[in-house]
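Everything on this sheet refers to the single structure shown next.
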Amino acid sequence: MTTQSTSVERILGFGTDSGHTFGTVEIAYETFGTLNADRSNAILIEHALTGDSRVTEWWAGVVGPGEAIDTDKYFVVCANSLGGCSGTTGPQSSYDDGLAYGSRFPRVSIRDMARLEHNLAQILGIDSWVAVIGGSMGGARALEFALLDSRKVRKCAVIAAPAFCEADQIAWAMMQERAIELDADYYSGDYSAVGSFPGHGLGLARQIAHLTYRNDADLNERFSRRLRSEDYYEVTSYLDHQAKKLTARFDPHSYIVLTRALRDHDVRRGRSSDLTVALADACTDNLVVSVSSDRLFPPEQVGVLAEALPGRVRHHIIDSPVGHDGFLTETEKISAVLADFLAD
């Protein structure tokens, strides 16, 4: 039976790209499987924006005993992202005065998240990863993790994520941020100090985001113009359901922090304006996966990353009508691609 554990590590004096230094950062993570004697069977999986370390739940059918990422064979690590709300230090963590960070929480980058996980790897004593794998924001994190020290990553799989965000993605992110910021209960991020919660803003942000996660043809086929009740469409009910699910489990300011981090994602920053040069130190055994109907990160944009990566690169386009969320829902197709990649 695959063993599973949940842990938290404390890292002192962690600095961010924005110039902030945390006295202490806590990083919460889960492990699945057993690390072998020479510590050579570890795989790092990076979760997406509102994901968490429970990878065998949100990627069931891909990660687990006997699955493509076999937890009976590999030691799988999944850490909650910096700035989130699932155990790793984020806006609702306690500041020096005992109150939540709130508006005082610094801007963090995808690179910061990856750098923190390199600290975790050192604590775990893992000097070489079989692979680092992630989808969407997790794909951006996987790419940055490998770029920070490719000597420690034998394979890198970037799924439904580009080398950098462009104007369209920045615009969608801006609308989501504004939805939360304009909620009267937001209080510039200090809502917990006054006992408020900007749930309406977070729910609207999720609805805006969900329209980029699903393809228009998929929504049209599933819901058409059907009404749930007078003046209330089935697609509206669906979006309301998505909003309620997220507001029940996620922190609004974390949503802004993470959305901004993904919005600002650009592997060229601090490296080179030439993408090929910026990626010169990346892992040399790469898998890039895009989803055919993805309108958040279209295959053409993801393909730019595949063309610029060094070494051996396989760009696989998953045929799916779902849209961006296909990286989560098309488990059989994703599993087949990842199984081949890990076996090769």
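The values are calculated or read from the model by the stated rules, or taken from the named source; none is laboratory data. Quantities reported herein were computed from a predicted structural model and do not represent experimental measurements. Note: ideal-geometry Cβ built from the backbone for every residue, glycine included; neighbour counts use all protein chains shown. Each accessible area value is taken on the protein alone, full model and side chains, heavy atoms only, with ligands, DNA and RNA left out. Shrake-Rupley method; radii C 1.70, N 1.55, O 1.52, S 1.80 Å.
Tabulated data
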item	result
Accessible area in the full protein assembly, largest first, 1.4 Å probe, for 183, 216	216, 183
Accessible area per residue in Å² at 1.4 Å probe, computed on the chain	42 Å²
Charge context of residue 291, other residues only, Cβ under 9 angstrom, K/R +1, D/E -1	-4
The chain - Cys residues lacking any other Cys C-beta under 4.7 Å	78, 85, 165
Long-range HN-HN contacts of residue 233 with modeled amide H, under 5 Å	228
Highest average packing first - 189-197, 333-341, Cβ atoms within 10 Å	333-341, 189-197
Partner lysines for residue 73 [C-alpha distance under 18 Å; skip if fewer than 8 residues away on the same chain]	155
³J(HN,Hα) computed for each position of segment 300-311 - Karplus, 6.51 cos²θ - 1.76 cosθ + 1.60, integer Hz, glycine/proline x	5, 6, 5, x, 4, 5, 4, 5, 9, 6, x, x
Per-residue HN-Hα couplings for segment 203-216 [Karplus 6.51, -1.76, 1.60; θ = phi - 60°; Hz; x = Gly/Pro]	x, 5, 4, 5, 5, 4, 4, 5, 5, 8, 7, 10, 7, 4
Additional length obtainable on full extension of the chain from residue 94 to residue 175, 0.36 nm per residue less Cα span	26.3 nm
The chain - charge dipole about Cα centre, Lys and Arg +1 at Cβ, Asp and Glu -1, debye rounded to 20	240 debye
Residue 316 - accessible surface, heavy atoms, 1.4 Å probe, Å² rounded to 10	80 Å²
Residue (of 257, 232, 328) at the positive-pole extreme of the chain, dipole from beta-carbon charges	257
Antiparallel %, DSSP beta bridges [both residues in the chain], to 5	45 percent
Förster radius 30 Å - calculated FRET efficiency between residue 119 and residue 344, Cβ distance, rounded to 0.05	0.50
Label-point separation, residue 40 to residue 7 (7 Å along Cα→Cβ), nm	2.1 nm
Simple label model, 7 Å out from Cα along Cβ direction - residue 232 to residue 249, nm	2.4 nm
Whole-percent carbon and sulfur share, accessible surface of the chain, 1.4 Å	49 percent
Phi to ³J(HN,Hα) by Karplus 6.51 cos²θ - 1.76 cosθ + 1.60 over segment 76-85, Hz, x for Gly, Pro	9, 10, 9, 10, 6, 6, 4, x, x, 9
